Every structure is written in structure tokens, then in C-alpha cells.
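The values are calculated or read from the model by the stated rules, or taken from the named source; none is laboratory data. Since the structure is predicted, the reported quantities are computational estimates derived from the model, not experimental observations. All Cβ positions, glycine included, derive from the backbone under ideal geometry; neighbour counts span all protein chains shown.
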């Protein structure tokens, strides 16, 4: 990759450089035994089945027992922390990274020429880069220390934001509800199984979450997309009206997206000031993130003990096989620390949650805690992303520049229109959505495709600046036995903890959606009077969307599902999972608002169990 | 449209998140160039720039190439934006591209001596332009010049990147990121959703 990639802010980096991270890191690590820990850790994984009353580093002190330990402070963990603290429970939150300081770490309002590498970051770091979201603006937030591996044939990208707030610091903000078309998809098309939760049950939680975070959209009455309660939508830009006219001709919907970005002040949070490029972090908190919206509320209760730079290692197990606490690595001292609680919430993000649970081996749980079904880490799903079409709109060539990029790709969307009446009307089952994007961006990335040089070249860049458009697909993979994560039997991270190993390939169904979207988007661009210049040769690699789901799926049958319909582990009743790993699949919608809604529901179930006296001190 | 047009820097100050300018070699000249609008300021020449990676003769060629790719015409170009210094800094930080730049420049000089008997920087502006045309325009491509075309393409990418990430480049495009807005900006052409007549109206 050359510095061409200002495009790298938003665009793929070549596979080669991407892979050198994963492969290079594990190889490097294996070849350098010295890189093991500077300080030797107590090997507590072999200390199986002990009670929480022995082997404690705090043996001489009175041992504090929290009500709940929450691993992770992203969407799922943040919602759990807030809900539990407000209910009066004493919560210890464990976060793998540090707190971001908006004044120092949120650099968005710096201009590229104020950044050492113009926002591109040090070229020497390129082999480590996680791609478009990992740049000079956000680099402080990504975890580059903990490697992972991939099985032969698998490609996977796994950006982990370990800062407090996790990926909500930078997320894309699209916030559509799942509907019965998603939750009961199996009943419609016969593939896989239904979710154990109906839309009627989860709907009130979505409503409460929307009120908490503020979502800008309109009521759209579409069968694939239940409506919620919304702030005023973003106004359409010139390119939206043009593409909408094209969509109307083709018979495809083009509507305001559900965007969790405040078009007006909301619940004490300021309105957006429409400066754009929100995925580098908003330093006024005008879109939802847990550090701005949830954690302050939790901290105000004085019931929260937030431990940062605390890398969760495993869930501790008590005499009865129940969760007794969590062991973590203090990344500053390199020491292992144990904390104890009456219940544990795992919300470390899909793959990391499963990794922690698989690493929680004991005499009760030889294959990982709560894994009697053998399904822990299985059923991994992800969103296929890719550029279905790109080109430009001649109508806008030579126009004055326009602030098109005030919400990136979340102003408008083309919500799922396939397989609505009949689940088998297309050559694939289920459906996908498309996010259109374009206009005046932070950088004229199209310039490198123009010909020539000199004054005409410079003039052409200015003329074309308002005109580029592109279409990005978001398509769900189907559950499969061959897509999963497990622990690498050999490779360990620098703290001696086995790393995650990914096994994943796009299925035939999702690749059919990709082909389908290329045809439809080209047709839409043509109908809109645009010029098609191409499309992504291949979809992005798995992991790119950051929307992985499914490693601890919820279901009523303990033989086939890790968690019950409330996200509570079947095997271990005081262990709860509050992230997208409980989802049965990833649908055509983004995951964050659903993580919030399901986490709220799980947290209230947990509180209810405390009230009923089901969770007691170990 | 409710563009309040507050300059981004103003808001930055208001928010109290003042940007700390980075200090590193090569930065002073381009901030110098960016910080002052108009040529008067540029007449006070900063101290001679000492390239971090390129030799002085190489750097002279990089400067010329950048100026030819994005010239100073009705608006400031690569020269005013300090693009050559940016390229030198990026290449000095990036061992993976150093070889390509060095061999590319060597190829260009050898080619220039073949054609005109002089090194590239010694040519007249017309000679330089006509030497580069087969490298920069697809329909003027000549066989046997692949190395030169590849180098020129890379040089053009670096120049475009350096120019349009500078304040001068932002102003050249009237980049909307220079402003904040009180309300969600809205298309002003309500009577023409397909924008079929907008282009004519503007060009006419």
C-alpha cells in the first residue's frame, strides 16, 4: 500500500499487507520465545476447580465480593453496567484498555496538516494496520498486542478497540431494529432455527434504547424494518435526490437511514455540528457512545468500580461450577489479578467473549465454561461488505462543493427489498441492504484514477469533487458448521493466554447476494443518469464489517445453545452474555442497537434474579 | 440552507481542544506556506530545506515534478503547499518505497539525457512537459517506458495526497470540512430532484 490511501480511511487495504499482521505476528512470536512475559505469571489455568477461598492474592485482606463483574465496556457491557448500577448492584467493570481522553485522543477536529503523517499514520506501521478505521486519528484505541491466528484458507480481519467504550467510540451509527422477518426467518425459509425471542418481546427494549441514544430517521412502514421513535432525519443531499430518482425507476427503496447521531439536542447531549467523518470519534459526544451516554450515569451511582488496562483472562469457577469471579492481567504491572462476584457478565465482543469462556477451563468445565453443548465459539456469522458499484453523477460535475459527508454513509440507505413477500423469490434466501455514499469527501480519492497532469488535471479534480458515488452492500452470512472460532493449540499471546483461531469462509448464499447487488446497483446508477466506473473485484474479507455474531447463541435447548433466551448461560446460571455473540445470525441490519436492546433485557433479567435471591455470595 | 460557516478552527478554540502542531523536519515549511494566504508571506523565504531522504539534486527533481503535476496557476499549487517537503518526509519514513523513488528518478534523468542530452531539472519547462506526457497520459503511452510510467503514477499519487491534505488543497476544493453547520445541510434544488438542469444552469 502506498500513501494513495487516504483511501485507506475508508477503503480496503490490499490483502497482502493485511495478512502480514496476523501471520507475521504469530510467526514472529513463535520464532522469538524471548517475547514471552517479562514477568512470569502465576499459571492459574492449571489450578483447576479450586474454590474462590483459596489461592487468592488477597488472602490476607478481607475479600471484596462484588455483585456483578462486567467484562467489557462497549455497547453490551456499557448498557449492562449502567442498568445494573442504577438498580443498586455493586459492579466491577473490567476493560482491556485505557480510558480515552477526548481532549487528547479524539483528534478529529485536527486538520490533516496538523497531523504528523496527515492522518495517514506512520508508513512503518502499515503492516499492523487494521484498515480504514485504524489511522493516525484513532490509533491509540486499537489493540495491536494480542495476536490471533487463522486456519488455512481463512481470511479474517479482527480490529479490536480496547479503549473504554470499545467500538462505540467510532461506530457507523446505523441503527435499524431487527424485525420478525429476521427473528423468525427460519420459519419462513426453513434454514436454521428461529430466535427464542419475538419482535413483540424485544420491541419495548428497542423503544427505550432509542430514547436513550437518539436515532434520527423517519417512519417508513416497510415489511423488513419495524419503525421506532425517531429524532428528525438528516436532510437529503443533492446526490440522495438523484439516486432516489434512479431507485424509483428500478423499483428499489431509497430512504433516510436510522442514524444514531443527534439532529437536535437530546437528553442532555448536544446536537451534531455536521463536521463529518464521525468514525474518528466525536469529541462533543453528539452521537451515542458508552463513555458519553452510559458510563457517566453508572459512575454517578457510586456503584461502579471501573478497572482499566485489565485484560480478562478467564472466568473463575467456584465449588459448584458456578462463576465466582474473573481473573485478569493488569497490563501495567503484568500481574494476574482476581476479582470476585456473585454473577459475571461477559461482553467483550463476539470472538473475545468466546475466547475468554473457552479459556475458562476447570474440572467442572474441561472444554470451557458453560460449554456442555460444545457450541461455544461455533456458528460464527458476519456481514459481507463490499463496493457493489462506484461511479459519478455528471449532474454534479462542476457544482459548488457541498457538505455531503456530515454523517458518512448513514444519511440514506436502501433497506432490504429482496425476499419480502415470498422467502424464495430470489436465487438466495434472506436479504441484504445497501448504503449509498459519495459527494464531497475529506479527500478526492477518485483523483488517482484520473489521467494526465498540470492545470487541466487540477481543474478536473475540482470539477469532479462533488460527483463521486458508491454503493456498499451489507449482507448476512448463514450459520454453518464450518464457520467458527476456537483456541489455537500452540500460539499464545504475550501473557501466555491461548489466542483465538478463526475458521471462516463466505457461503454460497451470501456470495449470490454480492453478485445480485452488483447488478442492481449498476442499474440504479444508470437509471439515475450516473456513470458506472466499476465495482469491488471481490467483497471485503470476513471481519471487515466488525459485525460478527453467534459464538454463544441463545436458544431454549441446552443441548444446542450456550445461553437461554435471556442470554444467561444454560450450564452456569450466574453467567450472562451481553454482546452479539448471543445472536443467532447477523441479519441485514447492523448490530449495535440490537446489542443495546438485548443487553438491557438481559441486565433486567439478571436484576430480577438478584431480587428473587437466585444469586448469592459464593 | 443553514450553513453557519463557523471556521472549524474557531470551534476548535471554543471547544478548548486546541491542536498541538506536530514538530518534525519538513513541517515548518508547509505550515509556513499554509498559514499565510497570499504571496506576500511567501516572499520571506524560510531557511533552506534540508531533505531527509533525497539528495539535493533528487529533491530538486521532486520539486519540479510536483509543481508540474499540480501547478500554481489561478490558484496556488504544489509549490505553495510544500508538497515536495511532504513527499520527502513520507518517503524518509517509508523504507518500502525508497528504492522505487530512487530508481524512478535515476530512470527519469537517464531518459532525459537520452532524449535531450541534459538532466531533467536542467530542461526548459516545455521540454520537461513533453518528456512527461507519454508517462502521464494513457493515450500517449509509448512502449519501453513502463518504469517511467510506474514512477510517474506513484509521484502523482504522492503529489495529490500531499496537496489535498494541505490547507491550500482544502481551500482549492472548498472542502466542506472547513466549516460547521447548525442544521443538517440540505439540497437546495427542490424543484429538480433529478438535477437534470443543474449542470446547465451552472455552466450557463
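Worth a mention:
- Flag if residue A:374 is part of a loop (DSSP other than H, G, I, E, B) and without any contact (Cβ under 8 Å) to a residue 24 or more places away in the chain: yes
- Subset of region A:160-178 [more than 14 Å from residue A:383 (Cβ to Cβ) and not in a helix (DSSP H, G or I)]: A:160, A:161, A:162, A:163, A:164, A:165, A:170, A:173, A:175, A:177
- Qualifying residue in region A:179-189 (condition: touching a helix residue (DSSP H, G or I) at 6+ places or on another chain (Cβ under 7 Å) and surrounded by 24 or more Cβ atoms within 10 Å (Cβ to Cβ)): no
- Residue selected from region A:142-156 under the condition in contact with a helix residue (DSSP H, G or I) (Cβ under 6 Å, 6 or more places away or on another chain) and either in a loop (DSSP other than H, G, I, E, B) or at pLDDT below 95 (or both), by the criterion surrounded by the fewest Cβ atoms within 10 Å (Cβ to Cβ): A:144
- Total residues in region A:399-430, condition closer than 21 Å to residue A:234 by Cα, within 14 Å of chain B (Cβ to nearest Cβ) and assigned to a loop (DSSP other than H, G, I, E, B): 9
- Scanning region A:102-136 for residues that are assigned to a loop (DSSP other than H, G, I, E, B) and modelled with pLDDT under 80 returns A:106, A:107, A:108, A:109, A:110, A:129, A:130, A:131, A:132, A:133, A:134, A:135.
- Residue within region A:240-260 that is within 23 Å of residue A:78 (Cβ to Cβ), surrounded by fewer than 22 Cβ atoms within 10 Å (Cβ to Cβ) and touching a residue at least 24 places away in the same chain (Cβ under 8 Å) present: no
- When region A:474-509 is filtered for residues that are closer than 20 Å to residue A:416 by Cα and in contact (Cβ under 8 Å) with a residue 60 or more places away in the chain, the ones remaining, listed by number, are A:474, A:475, A:476, A:477, A:478, A:479, A:506, A:509.
- Top-ranked residue of region A:240-266 - restricted to ones that are part of a helix (DSSP H, G or I) and touching a helix residue (DSSP H, G or I) at 6+ places or on another chain (Cβ under 7 Å), ranked as farthest from the other protein chains (Cβ to nearest Cβ): A:250
- Residue check, residue B:180 modelled with pLDDT under 95, in contact with a helix residue (DSSP H, G or I) (Cβ under 6 Å, 6 or more places away or on another chain), within 9 Å of chain A (Cβ to nearest Cβ) and more than 22 Å from residue A:116 (Cβ to Cβ): yes
- Those residues of region B:67-77 which are facing another protein chain (nearest Cβ under 8 Å) and either closer than 13 Å to residue B:132 by Cα or touching a strand residue (DSSP E or B) at 6+ places or on another chain (Cβ under 6 Å) (or both), in sequence order: B:68, B:69
- Some residue of region B:67-78 being more than 17 Å from the chain's Cα centre (by Cα), part of a loop (DSSP other than H, G, I, E, B) and either closer than 27 Å to residue B:126 by Cα or at pLDDT 95 or above (or both): no
- Any hit, region A:421-433, residues being within 23 Å of residue A:216 (Cα to Cα) and in contact with a helix residue (DSSP H, G or I) (Cβ under 7 Å, 6 or more places away or on another chain): yes
- In region B:27-66, the residues that are assigned to a helix (DSSP H, G or I), within 13 Å of chain A (Cβ to nearest Cβ) and modelled with pLDDT of 50 or more: B:64, B:65, B:66
- Test: residue A:101 is under 24 Å from the mean Cα position of the chain (by Cα) and within 14 Å of chain B (Cβ to nearest Cβ): yes
- Qualifying residues in region A:586-600 (those that are in a loop (DSSP other than H, G, I, E, B) and at pLDDT 95 or above) - the one surrounded by the most Cβ atoms within 10 Å (Cβ to Cβ): A:587
- Residue selection: residue A:467 fails the criterion of being touching a residue at least 60 places away in the same chain (Cβ under 8 Å) and within 8 Å of chain B (Cβ to nearest Cβ).
- Residue B:169 being more than 7 Å from chain A (Cβ to nearest Cβ), more than 30 Å from residue B:110 (Cβ to Cβ), crowded, with 22+ Cβ neighbours inside 10 Å and at pLDDT 95 or above: yes
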